[in-house]
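**Student:** Shown below is the structure under consideration.
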Amino acid sequence: MMLFVLYQVMRQFPILVGLFVGSAVWAQVPNAPVVSPRGVINAFTQAPAPTTVGAGGLIWIKGLNLGPAEPVTAKDTPWPTTISDPAITVTINNRPAPIYSASPSLIVAQVPYEVPNGQAVLTVKRGDVTSRPVRFNVLNIFSSVKTVDDAGFGAADFKVEGNMLTLRASGLGPAAPALATGAAGNKDNLATPRGAIRAVVGGFPAEAKATASPDRVGEFDVTIDLPGTAQPGDVIILQVANNSANRTLYQRIPEPAVSYLPIPAGTPDLRGFTASDLRPGYIGLAAARADDGCYPSFVADLLNKKWNKVDGCLTTANRNQASPFTAANDGNALAAFVGPPAADATAGVSSKVALYNPARQEAMSIDLPANGVNIGSAGRGDFTVLIGGQTPSAKTIDPETGEVKDAAVGAGGGIPGIGGGGGGIGNVPVALLTATYDLGDGITKAIGAPVAIAANSFGVLVADNVDKPTKAKLAIVDATGKVTATRDFPADYLPIIPPAQPAAVGGGGIPGLPGGIPGIPGIPGLPGGIANLANFRAVTVLDATSRSYIVVSTKADGSAHGFVVFPLAAGNIRAFPLPEGKFFAVCSPQLRNFQLDLSRKIAFSAGASSEIAIKNPCPAQGFATYDLATPGVEFVALPGSGSFNASGNSENELNDYVYGANTSTANRSDTLYVFDGVTSSTFRFDLPPEVASFTNLAPISDLNAVVGLATNRVAGDAGIVYFDMELASSRLMPTPEGFATVTISTVLPATRKLIARGTKANNAGTNYLIYDLTTGDLRIIDNPPGVAFVGTVPAQAPAPGQPGGGGGAQQNPVLQSINGKSNTIEAVTYGADRKQTGVMLIRVH
């Protein structure tokens, strides 16, 4: 145990390693403040580093020797920028930060309002000694709500008077009148945030206002008029200028609350399931689409025990869509086109939309100016309808009032919902996605996605061949594709082109949209897609801070790999080769890069092979990094002779930890390797002794953890393995007695509960399982009477002679929603005969 503790100290505080060398160095320890590289966190959200805090918000600074043995606290407001003796100061981007308290391991301070958006650098000075700098992120607005016990989740810290609930919040942005750094609000002239405030409780909008606290620095009192429907366990959503705070609860409930609504007799087999984004238990359900294009449809409201059959016809332009309903993002309503559909659905399916809102008894009918093609959601609960025709347009619908307004089409021809509606993809004009170039000497093929580098200026990599270039340049172009400048690669260096993705059946469109987008002729290349996108395979990184364009490159003879760095301002183009014998792991169509905020580095999987060819698994033995702050290259090897699979999403990043699993047999792994991007060190997780392997890894950002299915014979038969990045330890959450396997659904951020579905032996039934990730407790949810399966029924092989006989098992639709926004589980249920019986709602405790 002592060795493990020592390892953790060395990993979290690498600069302390030197403290063990020589008594002269040791004598300096008591006065040297040490901030953990991951030690700056948002005081209200408690999200792990790299944390984000709003300007004027509160932070916790964790470390060693930060303050005196007896904690000191500011006696009044405004808070001082120097506290204790010897003097303690905190600077953020060289600005002094007001300090509330200081102890040996923790400082509580305010981020000055003057700190601009972006990455901030913090130091702590105690006496004459200054800590190493650490980084965190600052935004002008980053709404944060205080919770009970400063957990960052669970029950909000609030008080209630009558029907008015008052929260404590921070990071709500600029206020009027302006607030001074370090000062509380003026009780005689209360400041209010300039951004629009929106609150939702239990899925229903609530009137809200905020005023700067006259007693507490950096805090606002947010008063919410509770809806009449509010009940303990409801999720509180607070938004300021469209920025959502951490999700909290209006009180916690001690046990999961289960509601059940039987499906009326005669209801056809349900195939589509669309749950409200915010209102628990408000669900649109649909049977299979009929030949006339209509879906037999129903709306269930479990909290009010109502089942309503939709009269008339609901439809979609996409006949393969399982449900006609669309849920409003950050809203409670559902919407669908009213059919029957137009004969030519590519020009629009219907000019009528039906809105379903849990606050109303009847659906609202909305008339559009022309036939719509698709219903989406623009956020804040509104719907967006794409109107077809020769000149595409878009409309927004307010689900509360039914008001229809014009939605802006992006400059340059972009459509809202495609690349953000900004006229292309990632703020790049559509024209650049189809542009052709001729830089001379046969250099005519765009091989990298265009990136914005300045106003009306974009960088594009162009080469003579899209697969194996022998010549290449960086072209600087304007929004029309006109070349304004070119930059040459260093001698002998060329861009690395990962191997092409094997061709799939069909295709020809934007990835994920293989058939193009019907009815949008305004985008060049659609229908049919944009051919250039398939050629954008070169791996590049744009670093706005250093004004550098970085290209993953190889020497022309393949003898070395490295980074070619193009300065976008004055400066020389430079090549930074990897250490001798080390190469990028280019054995997958996707060579992923991981941008490490806390250390200002980028990392790639790497190893000993220079071969560029698809392999599965794609072996890597470590990580190659490029330091953006002080340009340089490093290779960090895995422990021992370890190797992990760098193919596709087998490797991933979590809060500047990059992890990858080895692949033993049948796509299962028994070791997880981790690269700590802050300390540039690697470590490995070994499995608990009860587990042979794991699969299906999923990150949990709020907990700095990764979970996977623990496996002995089949996936999930041993339970769920939990990898804790901070403690470098793993633990098993076992499959409960009576169940053969478990499958992971998701983690609910408001309560830190992992939701899984347990399957009994011989596929005799399923139940929802709730694992508490903070305590390790397990709750098995009892099914309602007559219910054997939840969410779906396990696939069964068809009997010989039946359709599909002699082949694989018949798959059944998954009719469930595990909703992190409402902290709920919603699902269709089935009896032992595998027929649908009802709909259930679980409000998680």
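**Student:** Quick one: net charge around S730, please, counting Lys, Arg +1 and Asp, Glu -1 for every other residue with C-beta under 14 Å from its C-beta.
**Tutor:** For residues surrounding S730, the net value is -3.
**Student:** Quick check: from the Cα gyration tensor, does segment 596-684 come out rounded (a/c under 1.5), prolate or oblate?
**Tutor:** Details: a/c = 1.99, a/b = 1.55, b/c = 1.28.
Taking the square roots of the gyration eigenvalues as a ≥ b ≥ c, segment 596-684 is prolate.
**Student:** I need the phi-derived Karplus couplings for segment 466-475: 6.51 cos²θ - 1.76 cosθ + 1.60, θ = phi - 60°, integer Hz, Gly and Pro marked x.
**Tutor:** Whole-Hz 3J(HN,Hα) from phi for segment 466-475: 7, 9, 9, x, 10, 9, 7, 9, 8, 9.
**Student:** Further question on the same structure: Can you give the Rg to Rh ratio of segment 650-740, both from alpha-carbon atoms, with Rh computed by the Kirkwood formula?
**Tutor:** Value, to two decimals: 0.97.
**Student:** Among A728, V707, T743, pick out the residue whose Cα is farthest towards the positive end of the charge dipole of segment 668-809, where Lys and Arg carry +1 and Asp and Glu carry -1 on C-beta, about the Cα centre.
**Tutor:** Comparing the listed Cα positions along the dipole, T743 ranks first.
**Student:** May I pose another question? Going by Cα centres, segment 246-309 and segment 461-480 are how many Å apart?
**Tutor:** Spelled out, the Cα-based centre of one part sits 52 Å from the other.
**Student:** Divide the volume of the convex hull of the Cα atoms of segment 159-248 by its number of residues and quote the answer in cubic angstrom per residue.
**Tutor:** Hull volume normalised by residue count: 94 Å³.
**Student:** Rounded, prolate or oblate: which one fits segment 60-108, using the alpha carbon gyration tensor with axes a ≥ b ≥ c (rounded when a/c is under 1.5, else prolate when a/b beats b/c, else oblate)?
**Tutor:** oblate
**Student:** If you count, for each residue, the other Cβ atoms within 10 Å and average over each peptide, how do 568-581, 66-79, 489-502 line up from highest to lowest?
**Tutor:** Top of the packing list down: 489-502, 66-79, 568-581.
**Student:** Another question about this same structure. Run the accessible area of the chain with a 1.4 Å probe and give the carbon-and-sulfur part as a rounded percent.
**Tutor:** That share works out to 51 percent.
**Student:** Among the lysines, select those whose C-alpha is under 19 Å from the C-alpha of K62, and discard any that sit fewer than 8 residues away in the same chain.
**Tutor:** By straight Cα distance, K62 reaches K125, K146.
**Student:** Can you spot the aspartates and glutamates whose alpha carbon is less than 12 Å from K482's alpha carbon? Ignore those fewer than 8 places along the same chain.
**Tutor:** Once the sequence-local aspartates and glutamates are set aside, what remains near K482 is D438.
**Student:** Something else now. Of the peptides 624-637, 334-347, 812-825, how do they stack up when ordered by the mean number of other Cβ atoms within 10 Å, highest first?
**Tutor:** 812-825, 334-347, 624-637
**Student:** Based on Cα coordinates alone, diagonalise the gyration tensor for the chain, multiply each eigenvalue by 5, take square roots, and list the semi-axes in whole Å, largest first.
**Tutor:** 42, 37, 31
**Student:** Take the Cβ-Cβ distance between R380 and V258 as r, set R0 to 35 Å, and report the resulting FRET efficiency rounded to the nearest 0.05.
**Tutor:** 0.70
**Student:** Mind checking the log10 I(q)/I(0) for segment 281-415 at q = 0.16 Å⁻¹? Debye, one equal scatterer per Cα, no solvent, two decimals.
**Tutor:** Listed by q, the Debye log ratios stand at -0.77.
**Student:** Only four residue types carry charge here, +1 at the Cβ of Lys and Arg and -1 at the Cβ of Asp and Glu. Report the dipole size of the chain about the Cα centre in Debye, rounded to the nearest 20.
**Tutor:** With Lys and Arg at +1 and Asp and Glu at -1, about 400 debye.
**Student:** Among L167, F153, V200, whose Cα sits farthest toward the positive end of the charge dipole of segment 100-223 (+1 at Cβ of Lys/Arg, -1 at Cβ of Asp/Glu, about the Cα centre)?
**Tutor:** Of the listed residues, the answer is F153.
**Student:** Under the rule a/c < 1.5 gives rounded, and otherwise a/b versus b/c splits prolate from oblate, where does segment 448-487 land using the Cα gyration tensor?
**Tutor:** In terms of gyration-tensor shape, prolate.
**Student:** Between segment 752-789 and segment 136-190, what's the alpha-carbon centroid distance in Å?
**Tutor:** About 37 Å separates the Cα centre of segment 752-789 from the one of segment 136-190.
**Student:** With a 1.4 Å probe and every protein chain left in place, work out the accessible area per residue of the chain in Å², rounded to a whole number.
**Tutor:** 41 Å²
**Student:** Here is a further query. Mean residue ellipticity at 222 nm from the helices of the chain, using -39,500 (n - 2.57) per DSSP H segment of n ≥ 4 over the full residue count, to the nearest 500 deg cm²/dmol?
**Tutor:** -500 deg cm²/dmol
**Student:** In Å and from the alpha-carbon atoms only, list the Rg and Dmax of segment 105-179.
**Tutor:** Gyration radius and largest Cα-Cα distance of segment 105-179: 16.2, 53 Å.
**Student:** Please give me the summed charge of the neighbours of N42: other residues whose Cβ is under 15 Å from its Cβ, Lys and Arg +1, Asp and Glu -1. Intermediate values should be presented prior to the final figure.
**Tutor:** Details: positive: R38, K62, R135, K146, R168, R247; negative: D150, D157, E219, D597, D702.
Net local charge, N42 excluded: +1.
**Student:** Which of the aspartates and glutamates could be linked to K405 by a straight reach, that is with a Cα gap under 12 Å, when you skip same-chain ones fewer than 8 residues away?
**Tutor:** Result set, ordered by chain and number: D367, D382.
**Student:** Charges only on Cβ, +1 for Lys and Arg, -1 for Asp and Glu: so what's the dipole of segment 546-649 about the Cα centre, in debye to the nearest 20?
**Tutor:** I would put it at about 180 debye.
**Student:** Then there is this: I'd like the distance between the alpha-carbon centres of segment 320-353 and segment 355-401, rounded to an integer number of Å.
**Tutor:** First find each Cα centre; the distance between them is then 9 Å.
**Student:** Then there's this: So, in nm, how far is label N572 from label A764 when the simple model puts each one 7 Å beyond its Cα toward the Cβ?
**Tutor:** 7.6 nm
**Student:** Could you give the length gained on full extension between R360 and D406, defined as 0.36 nm per residue of separation minus the Cα-Cα distance, in nm?
**Tutor:** Length gained, R360 through D406: 14.0 nm.
**Student:** What is the extension gain from A629 to N308, computed as 0.36 nm multiplied by their sequence separation minus the C-alpha to C-alpha distance, in nm to one decimal? Walk me through the intermediate numbers first.
**Tutor:** Details: separation 321, 0.36 × 321 = 115.56 nm, distance 6.04 nm.
Contour length minus the Cα-Cα distance gives 109.5 nm.
**Student:** Further, regarding this structure: Going by average Cβ neighbours within 10 Å, how do the peptides 174-182, 833-841 rank, with the highest at the top?
**Tutor:** Numbers: 174-182: 16.2, 833-841: 18.7.
With the highest mean Cβ count within 10 Å placed first, the list reads 833-841, 174-182.
**Student:** What is the ratio of the Cα radius of gyration of segment 356-395 to 2.2 N^0.38 Å, with N the residue count, to two decimals? Please list the in-between numbers first.
**Tutor:** Working: Rg = 12.0 Å, N = 40, 2.2 N^0.38 = 8.9 Å.
The reported ratio for this selection is 1.35.
The values are calculated or read from the model by the stated rules, or taken from the named source; none is laboratory data. Because the structure is predicted, anything quoted here is derived from the model rather than measured. No Cβ is skipped: glycine too gets one built from the backbone with ideal geometry, and neighbour counts run over all protein chains shown. Note: accessible area is taken over every heavy atom of the protein model, side chains too, but ligands, DNA and RNA are not part of it. Shrake-Rupley method; radii C 1.70, N 1.55, O 1.52, S 1.80 Å.
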